[in-house]
Structure formats: C-alpha cells, structure tokens
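Worksheet: one structure, shown below.
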Amino acid sequence: MLSPERLSLPGPEYLAQRHVLTYMEDAVSQLLENREDVSQYGIARFFTEYFNSVQQGTHILFREFSFVQATPHNRASFLRTFWRCFRTVGKNGDLLTAQEYHCLLQLLCPDFPMELTQKAARIVLMDDAMDCLMSFSDFLFAFQIQFYYSEFLESVAAIYQDLLAGKNPNTVIVPTSSSGQHRQRQPPNDCNPLEGVEASLFYQCLESLCDRSKYSCPPSALVKEMLSSVQRMTFYGFLMALAKDQGINRALGALPDKGDLFLDPAMDQEIEKLVAHVSGLSVSGPASSSADTANMPARNSPRINSPWKPLHHRRKMDAESEGSNEETDSSEN
C-alpha cells in the first residue's frame, strides 16, 4: 500500500528523497561487474537479491566508504552491522584505543577514514589523547552521532565558532556537496568548560540550520529539550549530550537502547549454530583436505545477504585456496 507521503510528492522528488536512483545506479554497476556470475542465475534474481540485501541492511558489507556513507539508510545499516559484529568487545569488558576501533571499522569498510574515528574519539575523550582507552558503548554512541550526522556537525562547529567570536551565525554556509569528502574541522576552543555559548541562542541557530539543511539532523524538539536545561553549552559538551541522549538514539533507529546493547538473540542463535556446525565437522573429519578447509561454512556465513560483491570476492578467495599448499591453509586459520 502506498504511503500518503508517496502520493503527496512529485515522482522525481520522492525518488531523490528516498535515494532510489543511488541504489539503481549501484545495482546496475554491480550487475555489470559480476555479469558472468549473473548469467548463471538471471537478471531478475540478481535485482531481487540486491534489493533484499538493501532492505536487510547487508548491502554495505565490504563496500567502499563513498557508498557506505551515500545515504542515511546506508549509514544506519553500517552502524547496526558494526554493533552486531563487535558487540562482544563490550560484552567482554574490553577497552580499546581509537586506532583499534578504527581497525574494526576497516574490517567492514577497508577505506574507512581515520579522521571520522578520531572525531568520534574526541567526543568521548574531550581532548587529543587519542591513545586513551574507551569502552565499546561509549565509542559506539559517539561514533553513531559523528558518522550519521557528520555534515550537520560540520555546520554546528562553524556556528559555535561564530558565536564565540560574536559574529552572526546566519552567515554560515550549510554543506551541500554530496561528494562524501569530509573536511578537516578545527576543534572549537573548549579549554574552559564554564565558558561555551549561550544555550538559548545556540538553539535558535541550530533550529534555523535544521530547517534549511538537506542533510540528516537530530530532531529539533530533542535538541531544544537538551539545551533548555542549561544556560551555557560548549561544543564538545553538546556532542556528548547528543551521544548520550537515548531519545535521539531511538529516533535514529540503528542501535538498541544502552541497556540492551549487548543483547542480540538472533545473532547469538546464528553463532551457536555455526559453532556447533564447525565443531561437528572437526570431530567427524579431522583429516579434511585443503579443498574442504577452503569451503568451511564460516566463509559463506548466512548473515552476508548481499551476494554479488561479497560473492565475487569469496569466489576468488576459494579459487586461490583450492590451488594453495598447506602453508596457505594454515595461514587462513
């Protein structure tokens, strides 16, 4: 059933709002890149599986950063995938540095920029001590705000600097480029936490920013509630408040509440099945050949439902493994 919003908007405007053309262009690009594989299954099945993976949020796995950050849905899918894959880090109580969290991000997106990881770490650490340890939950919620609202935060930083300098923040230019290039942001001067800017004036500027911005912004009502409880606010204090606000987290919809962060029954069930399967194989066939080892079920995990790009790489890896010697097989373990 068509939503009222779909019927109230012109076709081109609706397509742009939902980023339909982004996914169509990517689907065609994937089709051409993997046309030999697609010829075995058919174009109709390819498009069905591609858009199923988009709907499930697995389409961003192992993709380039320009695609991962291209749409709000892609960003939310990446956040959800990062949480599901590495929540055991927090469950085990491990503390990691920004560099170590960046390595985890690169397992899902090989060219993920270090700059975004550092910006998220500064929200937690409030300074430039990038080698300090952070809990998984602290980093995750800070990273969510920095990654999902990246363009919004660039404009907030400029507004904050203008307010500190006594300038008219209405002259701030809202980012409009869709190139995905993240500019270097000069961290605002928060040396004295008792300073900052007047919270009510800060909110007025942010409300105006949200009204004219084409990028994702936090709900204005929640931002107003946050700033109305204080008289003055620093830049990093504002970012930390965004990261800790569970109302904003629910509005974004990518992550569970903090109290449920380490609960994922569906993933736990899949992991238990996989472990049991692998354990059964190791008991029944300890002298498996290298070809059998190369086709262990862990490599074709069912959670990867975006079959074309990952399948292309997995098939290449399997071909290399089948022709490899025992040294190669042992290195994979």
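The values are calculated or read from the model by the stated rules, or taken from the named source; none is laboratory data. As the structure is a prediction and not an experimental result, all values here were calculated from the model. Here the Cβ is made from the backbone with ideal geometry for all residues, glycine too, and neighbour counts use every protein chain on show. We work out accessible area using only protein heavy atoms, side chains counted, and drop any ligands, DNA or RNA first. Shrake-Rupley method; radii C 1.70, N 1.55, O 1.52, S 1.80 Å.
So which residues in the stretch 51-81 are assigned to a helix (DSSP H, G or I) and not hydrophobic (A, V, I, L, M, F, W, C), if there are any at all? Step through it out loud before you land on a result.
So in the stretch 51-81, the residues assigned to a helix (DSSP H, G or I) come out as 51-56, 65-68, 72-81.
If the condition is that a residue be assigned to a helix (DSSP H, G or I) and not hydrophobic (A, V, I, L, M, F, W, C), then N52, S53, Q55, Q56, S66, P72, H73, N74, R75, S77, R80, T81 are the ones that fit.
Here Q69 clears all of (1) under 11 Å from the mean Cα position of the chain (by Cα); (2) on the phi > 0 side of the Ramachandran plot except the condition numbered (2). Identify all residues within the stretch 95-118 that are among the acidic types (D, E), touching a residue at least 24 places away in the same chain (Cβ under 8 Å) and either assigned to a helix (DSSP H, G or I) or touching a Gly at 6+ places or on another chain (Cβ under 6 Å) (or both); write none if there are none. Result: E115, single match.
Quick grid of which residues meet (1) of a type in the set (K, R); (2) over 22 Å from K258 (Cα atoms):
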| residue | (1), (2) |
| --- | --- |
| P12 | no, yes |
| Q17 | no, yes |
| V38 | no, yes |
| Y41 | no, yes |
| T58 | no, yes |
| R63 | yes, yes |
| A70 | no, yes |
| A98 | no, no |
| C103 | no, yes |
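Suppose we filter the stretch 13-47 for residues that are over 18 Å from Y215 (Cα atoms), assigned to a helix (DSSP H, G or I) and either open to solvent by 70 Å² or more (accessible area, probe 1.4 Å) or of a type in the set (S, T, N, Q) (or both); how many remain? Count: 14.
Among the residues of the stretch 212-226, are any among the small types (G, A, S), closer than 15 Å to Y160 by Cβ, open to solvent by less than 40 Å² (accessible area, probe 1.4 Å) and modelled with pLDDT of 90 or more? No; the residues of the stretch 212-226 include none that is among the small types (G, A, S), closer than 15 Å to Y160 by Cβ, open to solvent by less than 40 Å² (accessible area, probe 1.4 Å) and modelled with pLDDT of 90 or more.
Within the stretch 133-148, does at least one residue satisfy the condition of being among the aliphatic types (A, V, I, L, M), in a helix (DSSP H, G or I) and open to solvent by 10 Å² or more (accessible area, probe 1.4 Å)? Quick ask: steps written out before the conclusion?
The first filter runs over the stretch 133-148 and keeps only residues among the aliphatic types (A, V, I, L, M), leaving 133-134, 140, 142, 145.
Of the ones still in play, those that are also in a helix (DSSP H, G or I) are 140, 142, 145.
Remaining after also requiring open to solvent by 10 Å² or more (accessible area, probe 1.4 Å): none.
Scanning the stretch 133-148, I find no residue that is among the aliphatic types (A, V, I, L, M), in a helix (DSSP H, G or I) and open to solvent by 10 Å² or more (accessible area, probe 1.4 Å), so the answer is no.
Note on the stretch 87-121: residues that are β-branched (V, I, T) and in contact with a His (Cβ under 6 Å, 6 or more places away or on another chain) total 1.
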